Amino acid sequence: MALRLPTARRGTVRTSVALAALAALAACSDSVTAPTSGLRASAVAPSLEASPELNPGAHRMHRVREYYASHNAGKTGSGTGISYHGGALLTAKTNVAAVYWAAAPVFTNGPTPGTYGAASGDASLVGFFLSHIGGSPYFNINTTYYNGSGTHVTNQVNYTQYWAANTSVPAAGASVTDAQMIALLQAGFNSGALTYDASTVYAIFSAGTVNLGGGFGTQYCAYHTTGTVTVGGVSKTVIYAAMPYNYAYPSSCTSGLGAPNGDPGADYEVNTLVHEVEESTTDYLGNAWYDRQGYENADKCAWTWGTTSTAANGAKYNITIGGKNFLVQQNWVNAGSGGCALKY
C-alpha cells in the first residue's frame, strides 16, 4: 500500500524561510552569494502521480530503518525493476569531498577543526572508507547504470579533499536548513577551503543531534540533493549530501549489529554515506534512474545486508576493503532480472 505523508512532512524546504539564518552565516564569509536550492524528491512510495520522489522541491532521502522495514517493496515492474528517465549520471568518475562541520572532530582521528586539504590529511575511518570504496566489487554494482548514450558508470570513487569547518557551527539539536548548508559550501569556495568540481559530491557531516534538514532521526538518516553556488562569477550546480551523525539515533539510523572496527560513530555512518554517494552517481538530479515507486538504486535495498560475517568483537560485517571490515547495505544490480547484492 502506498504511504502518503502530509506535505509538511515530505522534507520540502523553501530557501526564503531561512533568509535570516543564511544572512548570519554569510556574514562570517567573504561575499557569500545567496544561492538557490535544487532539491529533489524524497524516497517515499506513494502513487506515481503524487510521488514526492518524482516532484521537484524535496530531498532524496535515506529513510529511517523502520520505514523501509515496512515499505520497501524491492523489485517493481518488469525488466530489472528500475528504469532510466533521461537524466544525468556521474559516468566518468565520482569525486567526494568531506565537509566536517563541528567544533571538534566529528569522528575519531578526524581532521582538526579549522583545517582543510587533501584527503590524505583525514585519518578517520570515514576517510579510509572513502579512499578505498572505489574499485571495489561493491561499488562495481553501479557500473550496471548508464546514460542516454549508453555510457556506463565507471567503478571510480576519488576522495579528493576535506574541510573541517568550525565557523557558525550549529548547536546540538539545532535544525539546519539547506540554505545554510549551501551557504557553508559557498563560503568554502570563496575562501579556498574547498575546490569546486561538478563531479564532486560534497558530503556535509555534523556532530551529535544537529538536525541537518530538519527531519533527522524521525524521517531520514541522510539525503542527497543539489543547490546553486557562484564560482568565479558564474552560477554552478553543486551536488551535496546531508550526513547527520547516525549514532545519535541508534534505533532509527544504525543497523544495531555492532561496529566491526570498534568505532560506532564512523562504522554506522559509512552505510548511509555510501547510499548517498551511489545515488548521487546514478541520479544526482532526480531524473535519471529510479523505479515506478520512485526508489533510487540504493533505496531498493536500504537496510538489507545480504550475507554477513562476524568480526572478532562480535559485530557483523559484509564487505572488506583495504583490509578493514564494514557493514553496508546492499545495492540494486541493474542487470539480468535485477536484485539486491553486495558485489558485481
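Annotations
- Filter result for the condition that a residue is part of a loop (DSSP other than H, G, I, E, B), among the aliphatic types (A, V, I, L, M) and open to solvent by 40 Å² or more (accessible area, probe 1.4 Å), over Leu257, Leu194: Leu257
- Subset of segment 292-307 (residues that are over 15 Å from Tyr268 (Cα atoms) and open to solvent by 10 Å² or more (accessible area, probe 1.4 Å)): Arg292, Gln293, Gly306, Thr307
- Residue count for segment 178-187 under the criterion of being among the small types (Gly, Ala, Ser) and buried (at least 24 other Cβ atoms within 10 Å of the Cβ): the result is 2.
- Residue selected from segment 308-318 under the condition more than 18 Å from Tyr344 (Cβ to Cβ) and part of a loop (DSSP other than H, G, I, E, B), by the criterion most open to solvent (accessible area, probe 1.4 Å): Ala312
- Between Val238, Val231, Val277, Val270, the distinction of being more than 19 Å from the chain's Cα centre (by Cα) and under 28 Å from Pro170 (Cβ atoms) belongs to Val231 only.
- The residues of segment 272-291 that are open to solvent by less than 10 Å² (accessible area, probe 1.4 Å), farther than 11 Å from Tyr145 by Cα and hydroxyl-bearing (Ser, Thr, Tyr), listed by number, are Thr272, Ser280.
- For segment 319-344, a residue qualifies if it is under 23 Å from Val126 (Cα atoms), among the polar types (S, T, N, Q), out of contact with any strand residue (DSSP E or B) (no Cβ under 7 Å at 6 or more places or on another chain) and open to solvent by 20 Å² or more (accessible area, probe 1.4 Å), and exactly one does: Thr320.
- Looking only at segment 197-238, and only at residues there that are of a type in the set (Ser, Thr, Tyr), assigned to a strand (DSSP E or B) and more than 21 Å from Thr281 (Cα to Cα), the one that is least open to solvent (accessible area, probe 1.4 Å): Thr230
- Hits in segment 127-144 (condition: more than 18 Å from the chain's Cα centre (by Cα) and open to solvent by less than 20 Å² (accessible area, probe 1.4 Å)): Ser136, Thr144
- Test for Gly87: is it under 22 Å from Pro264 (Cα atoms) and of a type outside the set (Val, Ile, Thr): no
- Output for segment 82-126, where each listed residue is open to solvent by 30 Å² or more (accessible area, probe 1.4 Å) and touching a residue at least 60 places away in the same chain (Cβ under 8 Å): Ser83, Tyr84, His85, Gly86, Ala88, Ala92, Lys93, Ala103, Ala104, Thr108, Tyr116
- In the set Asn211, Asn190, only one residue is in contact with a strand residue (DSSP E or B) (Cβ under 6 Å, 6 or more places away or on another chain) and under 21 Å from Pro113 (Cβ atoms); that residue is Asn211.
The values are calculated or read from the model by the stated rules, or taken from the named source; none is laboratory data. The structure displayed is predicted, hence computed values, not measured ones. Methodologically, a virtual Cβ is constructed for each residue, glycine included, from the backbone with ideal geometry; neighbour enumeration extends over all protein chains shown. Accessible surface areas use protein heavy atoms only, side chains included; no ligands, DNA or RNA. Shrake-Rupley method; radii C 1.70, N 1.55, O 1.52, S 1.80 Å.
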